Amino acid sequence: MLNRIFKLSAHGTTTGRELQAGLATFAAMAYILAVNPGILMPGFGADPAIGTDPASASYVATHGALVTVTALTAAVATVIMALMTNYPIALAPGMGINAFFAFTICLGAGIPWHEALGMVFVNGVLFLLLSLTGIREKMIRALPHALKFAITAGIGLFIAFIGLENAGVVVAHPGTLLTHGDFTSGSAALCLAGVIITGILVARRIPGAIIIGIAVITLAGLFVHDGHGGTVTRWPSELFSAPASPAPVFFKLTFGFLHDTGAFMKAVPFIVALLLVDMFDNLGSLIGVTTRAGLVDAGGNLPKAGRALVADSFAAMLSALAGTSTVVTYIESASGVEAGGRTGLTSLTTAALFLCALFLTPLILIVPAAATSPALVVVGVLMLQSITRINLDDFVVALPAALIVIGIPFTFSIAEGLGLGVVAAALLALGTGRPRSLPVTGYVIAVVFFLKFFHIFPFTA
């Protein structure tokens, strides 16, 4: 039956190999269960009803809910992709986009998290419309490849910086803005150790390197003092439990920005940024994994690309309804491909493991920032590697790309960094007599950001 449904023989694979590949993919991306809630909580905690006290009932309930919806959205979205495409691709709340949601939209712009979820849903609806009409594939070509690689690299630096800051490795300084923290503190020391340990595992191509690194540092944290009378990792009250209730965040999205002109104009740049970053992140991961799996045709085209784009559009809307940032295709799916995965059975196996993880919530919740921060740094470095695909010898290419790579972490905003690069690309293309190097859609995007940067109506923020 499985062979008939997933065409295992036609893809040169077996049931056993697909199950092993699904486990490899899960091991490679399971870190998201601990990392995603940790990144989102500052944004949710900006709500006074939730707060920032980790011991408060509202904070604990929200954190637990985010663990639950992270697993649920990953499982459901992965199943949708598997059934619609039969590709060995897994999805989960995206790294980088979750930081944009929490730190740029919620904390930076002061937009309540439930309104931000509404923006994510609108982004998903636009995704679906663009996918069904074929416009989305045309928009993908609106920006030069160099800028797409720069976006990935810039997000990588952004994520790595957040990881170092969360563990106290870097701290604010009134004179130099930033400086190193106290490396003798338990959290910072464990983070630095975790970066080295995880880096060694990744370099040696150990399956599940990131999740192993998180586990090692979490266990070590049980015996390292946090400087406040406790240990970096708290002992769990129990090992297994029923999944935490998703009620605190489930179906809590609101759309107040659609009924207020000022709020709508403030929301538009964020929705555009979500759309662009999500679009390029999904496409890059999709092409990268399927190419590695040998699923592209002789012309380099991806069969069922339309179905895959529709599937991740549904995933974006699902994430907003469930209460988390946008769910995207995960490049970690490549680990399953390396293990022999070639069909949707690999994805279904990964989805089933995410559901099983729901019953390990007590263990997931004790994972400290010192353990997830190394994962952020390593994932950031992996994303930064895309900069090697940019032709830095061509200054017309190098300057916009560099502004994106530098701008995203320095402005602490993916949208701002992206905008700097796109505006620069448009102006350089015109100034050097190469206007056709940027498609018309690219100029439209540049105009949107230009209006936003200089507070020209209607973009006042």
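Selection of the stretch 204-217 for residues being touching a Ser or Thr at 6+ places or on another chain (Cβ under 9 Å) and at pLDDT below 90 yields 207, 208, 209, 210, 212, 213, 214. For residue 244, the test of being modelled with pLDDT of 75 or more, surrounded by 21 or more Cβ atoms within 10 Å (Cβ to Cβ) and either within 22 Å of the chain's Cα centre (by Cα) or not small (Gly, Ala, Ser) (or both) is failed.
Conditions tested, residue by residue: (1) under 19 Å from residue 353 (Cβ atoms); (2) crowded, with 21+ Cβ neighbours inside 10 Å; (3) more than 15 Å from the chain's Cα centre (by Cα).
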site: 6; (1), (2), (3): yes, yes, yes
site: 10; (1), (2), (3): no, no, yes
site: 19; (1), (2), (3): yes, no, yes
site: 24; (1), (2), (3): yes, yes, yes
site: 33; (1), (2), (3): yes, yes, no
site: 38; (1), (2), (3): no, yes, no
site: 45; (1), (2), (3): no, yes, yes
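Checking each residue in the stretch 355-399 for being more than 27 Å from residue 236 (Cα to Cα) and of a type in the set (Phe, Trp, Tyr) picks out only 395.
The criterion of at least 2 residues that are farther than 23 Å from residue 310 by Cα, in contact with a Gly (Cβ under 6 Å, 6 or more places away or on another chain) and of a type in the set (A, V, I, L, M) is met, among helices (runs of 4 or more DSSP H) falling completely within the stretch 86-188, by 145-166.
The requirement of being of a type in the set (Ser, Thr, Tyr), more than 30 Å from residue 86 (Cβ to Cβ) and free of Cβ contacts under 8 Å to residues at least 40 places away in the same chain is satisfied by residue 432. Before we move on, is residue 214 closer than 22 Å to residue 333 by Cα and either of a type in the set (S, T, N, Q) or free of Cβ contacts under 8 Å to residues at least 40 places away in the same chain (or both)? Taking the combined requirement at face value, the residue does not satisfy it. Restricting attention to the stretch 194-208, report how many residues are in a helix (DSSP H, G or I) and either of a type in the set (Asp, Glu) or without any contact (Cβ under 8 Å) to a residue 60 or more places away in the chain (or both). Adding up the residues that qualify gives 4.
Is it the case that residue 149 is among the aromatic types (Phe, Trp, Tyr), surrounded by 15 or more Cβ atoms within 10 Å (Cβ to Cβ) and over 19 Å from residue 218 (Cβ atoms)? Answer is yes for this residue. In the stretch 29-46, is there at least one residue being farther than 27 Å from residue 332 by Cβ and at pLDDT 90 or above? Yes, that holds for at least one residue. Of the residues 53, 47, the single one that is without any contact (Cβ under 8 Å) to a residue 60 or more places away in the chain and among the charged types (D, E, K, R) is 53.
Please tell me if residue 400 is surrounded by 23 or more Cβ atoms within 10 Å (Cβ to Cβ) and either farther than 29 Å from residue 18 by Cα or modelled with pLDDT under 85 (or both). Considered against the rule, which asks whether it is surrounded by 23 or more Cβ atoms within 10 Å (Cβ to Cβ) and either farther than 29 Å from residue 18 by Cα or modelled with pLDDT under 85 (or both), residue 400 comes out as yes. Filtered by the rule that a residue be of a type in the set (S, T, N, Q) and surrounded by 18 or more Cβ atoms within 10 Å (Cβ to Cβ), the stretch 382-395 gives a lone residue, 386. Here is the figure for the stretch 205-222: residues that are surrounded by fewer than 19 Cβ atoms within 10 Å (Cβ to Cβ) and touching a strand residue (DSSP E or B) at 6+ places or on another chain (Cβ under 7 Å) total 1.
Here's a check for you: in the stretch 414-430, which residue that is over 13 Å from residue 150 (Cβ atoms) and surrounded by fewer than 24 Cβ atoms within 10 Å (Cβ to Cβ) is nearest to the chain's Cα centre (by Cα)? Per the criteria, the residue is 416. Report whether or not residue 218 is over 24 Å from the mean Cα position of the chain (by Cα) and not in a loop (DSSP other than H, G, I, E, B). So residue 218 does not fit the description; no.
Which one is farthest from residue 184 (Cα to Cα), of the residues in the stretch 224-241 that are surrounded by 13 or more Cβ atoms within 10 Å (Cβ to Cβ) and of a type in the set (Ser, Thr, Tyr)? Among them, the one singled out is 241. Looking across the stretch 262-309 at every residue that is of a type in the set (Val, Ile, Thr) and modelled with pLDDT under 85, the one that is nearest to residue 456 (Cα to Cα) is identified as 272. For residue 80, state whether it is at pLDDT below 90 and under 29 Å from residue 304 (Cβ atoms). No: the conditions fail for residue 80.
One residue alone among 379, 405 is under 30 Å from residue 226 (Cα atoms), crowded, with 20+ Cβ neighbours inside 10 Å and not polar (S, T, N, Q), and that residue is 379.
The values are calculated or read from the model by the stated rules, or taken from the named source; none is laboratory data. All figures in this text were calculated on a predicted structure; none of them were measured in a lab. As a convention, Cβ positions derive from the backbone with ideal geometry for all residues, glycine included, and neighbour counts pool all protein chains shown.
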